[in-house]
């Protein structure tokens, strides 16, 4: 974990929710993690990723619950490791996700996940029964970040989220685009994330040896790792999103910008479970979604801005991404 990494305090508040009525105990936990109590109430404030990871472990020990008492039953320490041991036996991510949802359901009573596959699209929805509105919103986010991050680890690569919707309301955070993608909404009718179903066919690449290494820093590694705004994947995404498609730099040019050789650049992306082509495809797709939702450009203009020489090629690609035409997607956005 790079010491320059940081996390919005909001995500620490999720873990601290159960101590809200116990200020003395809350201050003691924050002091142990090295987090200034004065930051409480400032969800957009930043805390070092190392302090966030420490708080995660401290709170599990303090509460004896790996779901931070956001659920009326919760997950006793060791439950997460037990679930992971079952997942590495599955042949692909689809089977692993089904197993994961079932196993989480053995512990949690207020939060249940449901996977629906609609052709090329997969939707993972959370059904929440918590009577506490704050715990419900916190629990929804915790549940989904564990699910999607576990899939990333099991498949050995990032899973790109094309759409995320949450039933609760909260402020926007700097971490959100990297964690949930750019098509993110709050106050939605339900809580769900959508991604390409082709990921579900990817093989599980982890085994018992890699699981033992993983569990030394999991699950707090999951949350911090995929919110790392300073990662090379994140920097490349930001660079491409800030540049018109026709002016996107080549891989050697980007490597030079990052003061790396092309081979080091590729290896670094691979360690972060990414590739230059994958990042370009994800940025191109998310840009198309955004422009269609904005509704100010025609489909032909959007095709041109996202690098398609013919509108027909854009239509074919969009059908492959979503199973529907750009016009139909825009009508339902």
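The values are calculated or read from the model by the stated rules, or taken from the named source; none is laboratory data. Given the structure is predicted, the values throughout are model-derived calculations rather than measurements. With ideal geometry, Cβ positions are generated from the backbone for all residues, glycine too; neighbour counts draw on all protein chains shown.
When 170, 121, 158 are checked against the criterion of being in contact (Cβ under 8 Å) with a residue 60 or more places away in the chain, more than 22 Å from residue 60 (Cβ to Cβ) and within 14 Å of the chain's Cα centre (by Cα), 158 stands alone in meeting it.
For every residue, the table says whether it meets (1) crowded, with 19+ Cβ neighbours inside 10 Å; (2) at negative phi; (3) not assigned by TED's automatic domain parsing to the domain that holds residue 195.
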site	(1), (2), (3)
271	no, yes, yes
283	yes, yes, yes
295	no, no, yes
305	no, yes, yes
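If the requirement is being at pLDDT 80 or above, surrounded by fewer than 17 Cβ atoms within 10 Å (Cβ to Cβ) and closer than 24 Å to residue 271 by Cβ, which of these qualifies: 202, 232, 208? Show your work before the answer.
Numbers: 202 fails: surrounded by fewer than 17 Cβ atoms within 10 Å (Cβ to Cβ); 232 fails: surrounded by fewer than 17 Cβ atoms within 10 Å (Cβ to Cβ).
Being at pLDDT 80 or above, surrounded by fewer than 17 Cβ atoms within 10 Å (Cβ to Cβ) and closer than 24 Å to residue 271 by Cβ holds for just one of 202, 232, 208, which is 208.
Which one is modelled with the highest pLDDT, of the residues in region 183-195 that are within 16 Å of residue 289 (Cβ to Cβ) and part of a loop (DSSP other than H, G, I, E, B)? Residue satisfying both the conditions and the ranking: 188.
Among the residues of region 175-182, is any surrounded by fewer than 20 Cβ atoms within 10 Å (Cβ to Cβ) and not in a helix (DSSP H, G or I)? For region 175-182, residues surrounded by fewer than 20 Cβ atoms within 10 Å (Cβ to Cβ) and not in a helix (DSSP H, G or I): absent. The number of residues in region 161-174 being in a loop (DSSP other than H, G, I, E, B) and within 17 Å of residue 135 (Cα to Cα) comes to 5. Inspection of region 95-105 identifies no residue that is assigned by TED's automatic domain parsing to the domain that holds residue 142, at pLDDT 95 or above and more than 16 Å from residue 147 (Cα to Cα). Scan region 112-121 for residues that are within 17 Å of residue 318 (Cβ to Cβ) and surrounded by 16 or more Cβ atoms within 10 Å (Cβ to Cβ) and jot them down. If the condition is that a residue be within 17 Å of residue 318 (Cβ to Cβ) and surrounded by 16 or more Cβ atoms within 10 Å (Cβ to Cβ), then 121 is the only one that fits. If the condition is being surrounded by 17 or more Cβ atoms within 10 Å (Cβ to Cβ) and touching a residue at least 60 places away in the same chain (Cβ under 8 Å), then region 56-66 contributes 56, 66. Of all residues in region 26-43, none satisfies being modelled with pLDDT of 95 or more and under 20 Å from the mean Cα position of the chain (by Cα). May I ask you to verify whether residue 149 is touching a helix residue (DSSP H, G or I) at 6+ places or on another chain (Cβ under 7 Å), at pLDDT 90 or above and crowded, with 20+ Cβ neighbours inside 10 Å? Answer is no for this residue. Within region 35-52, residues that are more than 12 Å from residue 6 (Cα to Cα) reach partners that are assigned to a loop (DSSP other than H, G, I, E, B) with beta carbons closer than 8 Å, at six or more positions or on different chains, in the pairs 39/45; 43/170; 43/171; 43/173.
I need the full set of residues from region 241-269 which are loosely packed, with under 10 Cβ neighbours inside 10 Å, closer than 24 Å to residue 287 by Cα and without any contact (Cβ under 8 Å) to a residue 24 or more places away in the chain, in order please. Outline the logic, then answer.
If we filter region 241-269 for residues that are loosely packed, with under 10 Cβ neighbours inside 10 Å, which is where we start, we get 242, 244, 246-247, 259, 263.
This time we only want the ones that are closer than 24 Å to residue 287 by Cα, so: 242, 244, 246-247.
Matches in region 241-269: 242, 247.
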